[in-house]
DNA sequence: GCGAGAATGGCAAGCGGTTTCCGGAAAGCG
DNA sequence: CGCTTTCCGGAAACCGCTTGCCATTCTCGC
């Protein structure tokens, strides 16, 4: 693989000149020399070694994305947005699936810092664990101290700029809507309790109940993993505890898929017997046979804005945290409460 | 951020010694010195700069994954496998979504080479375009010439080790199964014609027809993008051309979702009026209200083995191309042909 | 005609590690 | 006891690119 020296030798100039031609330096280079250098670059098929550039300039043009699981459609969509925006600016992105494991997350963050990524994006909600948060915060602050850009794309204990959506309003709106349809016994399939997103979404649901003067019944809440299986299991226990529920709100679409599956397995019709709502509006949601009522989250958008924020920070432009609005999307999986079963 | 020199200074040794202690060199270091160095590393919280290491050793411990679209559940799953295996070996992975665009793919490959990735994994099927293939092959060969490891996870024109699945057998088995149920007018919703995977899957379908002595009718084939929308549109035209079809095989699950959606929209019941089968067995497939009959592809497994293959090549271990078996998974979306509509 | 300043280009010192080569001390050998 | 090995550590040369600083030449302005 040709190096800059090879080009320099071929063009009969010094490496410095070649570098200046290629990296758009302010240092003047005569048009003839420039042309000659470019011709030699072409001839040799020279492409600068990013590693060496990175060492010299302390810029790697890489961004690390910490997600909970890239195979979760939510995160896949976010990462796609991130990647598209990064590519446009000449950056590459590393994916890191932490599986919501504090140890894994921390070791990924440290690895990324060793790789000297320019930016770090936390796509998933923070893990609620004081000791861990403190440790992570220390590492992250160190990183920022050396010029690293950090952005969060979900509620997080880190004090960094964030691009989030209004999770609270989302579940509140959904619950309001179901209450408005006449439902009173609304189950809530929540995510893992140690995730901040879970708590915020649960809070939105409770707020709507409070507004409507409906007593909050802890029996109507069941937690599970943010997976299809998690949703199926959770709704199963919910149904056993509260056979009288007429609607279920799932903390995200993937869980809602599990809920739908479990209900179908039990012969309960949606929405005639049980209404179901999700959260996120992943691509599949609209394509189910019973299209899912859910809250639209602009995930791709969040990913793009996240990347933009990183680039802005790196460029020294001011960055403000933003909260994007969400929107209730009413589809076929919800209806007024039906006859008792 | 502390450097190796800082550690050396603090420990009162030369940088060389610190390096030897940390990178497990064969060069002997006395136990006392070693301990002292490690203590200082600890004290300063020193972590080696991967960029500098990379420049010195010509190993970056990174792998580039070229996928068609990370937000497609198929690729997300593959990348997850890749990532998990890579992590275990201390590697990081770059994701690159080419959207099946030759230009984008090529520029990603070149960028990754500039970043001096150790390995390159092509997760998607190759794009059938002679000029492009030649150009890509040249670049890839150059990369391999410098010690880069390249692996393909789908049929591809590149002459590199591959971990693939038996796509041909997959659609053949599905078609055989449907023929066995008594279907004769079986629509095929194919992927983009310029993708190798599309062609192989179509060939499998044709092989089964041939075996069964059923004439192949080109009208029963419609191509579209490997997306839900693509599947919906394709089946729509198919139905207009051939209202007599009793079953539809989609070239992948994502398209099958679109097919199901479109059929539901037209009031056609599955499987009573039309049987539907997919390919891939993405996670959602089993969780539809009418669970999808499909061909199980071990995507996560393919991802892992792909990473393993890269690591093996880098370690100089022999690597052989492998073809993993697929398996027909019969679920609720298929049944013998029903009464005419 | 001459000095100032702009235009060009090269030298060399990094960036932060790794690794080859070398030297001194200690240990093993006949 | 002298000599060869082995053990341990350091000096310094990279890896490939960037950039501050300096030298030369040229162009003006007066």
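Taken together, the values in this text are just the output of simple stated rules run on the coordinates, not laboratory data. What you see is a predicted model; the values in this text were computed from it and never measured. Positions of Cβ are backbone-derived with ideal geometry, glycine not excepted, and every protein chain shown enters the neighbour counts.
Before moving on, here are some points about what is shown:
- Applying 1/(1 + (r/R0)^6) with r as the Cβ-Cβ distance of residue B:43 and residue A:43 and R0 = 60 angstrom yields a FRET efficiency of 0.70.
- Legend: P(r) of region B:188-328 from all alpha carbon pair distances, 5 Å bins from 0, whole percents, reading 2, 9, 17, 20, 18, 13, 8, 5, 4, 2, 1, 0.
- The gain in end-to-end length when the residue A:135 to residue A:272 segment is fully stretched comes to 44.4 nm, 0.36 nm per residue minus the alpha carbon separation.
- Inter-chain neighbour count for A:286-293: the average number of beta-carbon atoms from partner chains within 10 Å of each residue's beta-carbon is 5.
- Estimated distance in nm for a label pair at residue B:25 and residue B:99, the labels positioned 7 Å out from Cα along Cα-to-Cβ: 4.9 nm
- Here the contact order of chain B, divided by its residue count and restricted to Cα pairs under 8 Å and six or more residues apart, works out to 17 percent.
- Distance from the Cα centroid of region B:200-221 to that of region A:132-176 is 53 Å (rounded to whole angstrom).
- The orientation-averaged shadow of the Cα convex hull for region A:3-94, equal to a quarter of the hull surface, comes to 7.4 nm².
- Label geometry 7 Å along the beta-carbon vector: residue B:147 inter-copy distances in nm: 2.8
- Spacing of the modelled spin labels on residue B:32 and residue A:32, each 7 Å from Cα toward Cβ, amounts to 6.7 nm.
- Normalised Debye scattering of chain B at q = 0.14 Å⁻¹ gives log10 I(q)/I(0) of -1.04, counting only Cα atoms as equal scatterers and leaving out solvent.
- Once C-alpha pairs closer than 8 Å and six or more residues apart are averaged by separation and normalised to the residue number of region A:162-261, the relative contact order reads 34 percent.
- Shielding of A:68-79 by partner chains, average beta-carbon count, 10 Å: 6
- For region B:81-102 versus region B:289-322, the gap between their alpha-carbon centres in whole angstrom: 13 Å
- Legend: ranking of residues B:40, A:96 from fewest to most surrounding C-beta atoms inside 10 Å; resulting order B:40, A:96.
- For the pair residue B:184 and residue A:214, a Förster radius of 60 Å applied to the C-beta separation gives a FRET efficiency near 0.60, rounded to the nearest 0.05.
- Ranked B:143, A:122, criterion: other C-beta atoms within 10 Å, fewest first: B:143, A:122
- For region A:44-152, the gyration tensor built on C-alpha atoms gives an oblate shape. Its axis ratio a/c (a ≥ b ≥ c) is at least 1.5, and a/b is not larger than b/c.
- Considering only B:185, B:176, B:36, the mean-square fluctuation computed in a Gaussian network model of chain B, springs between alpha carbons under 10 angstrom, is largest for B:36.
- The fewest-to-most ranking of A:3, A:30, A:25 by surrounding Cβ atoms within 10 Å reads A:30, A:25, A:3.
- Dividing the helix sum by the residues of the protein assembly as shown, where each DSSP H run of 4 or more adds -39500 (n - 2.57), gives a mean residue ellipticity at 222 nm of -14500 deg cm²/dmol.
- Calculated label separations, residue B:43, copies of the chain, 7 Å along the beta-carbon direction, nm: 5.5
- Structure remark: mean-square fluctuation, Gaussian network model of chain B, C-alpha springs under 10 Å; the largest value among B:295, B:326, B:214 belongs to B:214.
- Cα-based shape type of the protein assembly as shown, given that a ≥ b ≥ c are square roots of the gyration tensor eigenvalues and the cut on a/c is 1.5: oblate
- Placing a label point 7 Å from the Cα of residue A:16 along the Cα-to-Cβ direction, the distances to the matching points in the other copies come to 3.1 nm, shortest first.
- Take every DSSP beta bridge whose two residues both sit in chain A; close to 10 percent of them are antiparallel.
- Beta bridges assigned by DSSP with both partners in the protein assembly as shown are antiparallel in approximately 15 percent of cases.
- Diffusion coefficient, µm² s⁻¹, Stokes-Einstein with Kirkwood Rh over alpha-carbon pairs of region A:168-252 at 20 °C and 1.002 mPa s: 171 µm²/s
- For region A:55-211: relative contact order, % (alpha-carbon pairs under 8 angstrom, 6 or more apart): 21 percent
- Within the listed set A:137, A:86, A:309, the Gaussian network model of chain A (springs between alpha-carbon atoms below 10 Å) gives the highest mean-square fluctuation for A:137.
- Overall form of region B:95-162 per C-alpha gyration tensor (a/c, 1.5; a/b vs b/c): rounded
- Working from label points 7 Å from Cα in the Cα-to-Cβ sense, the residue A:110 to residue B:58 distance is 3.1 nm.
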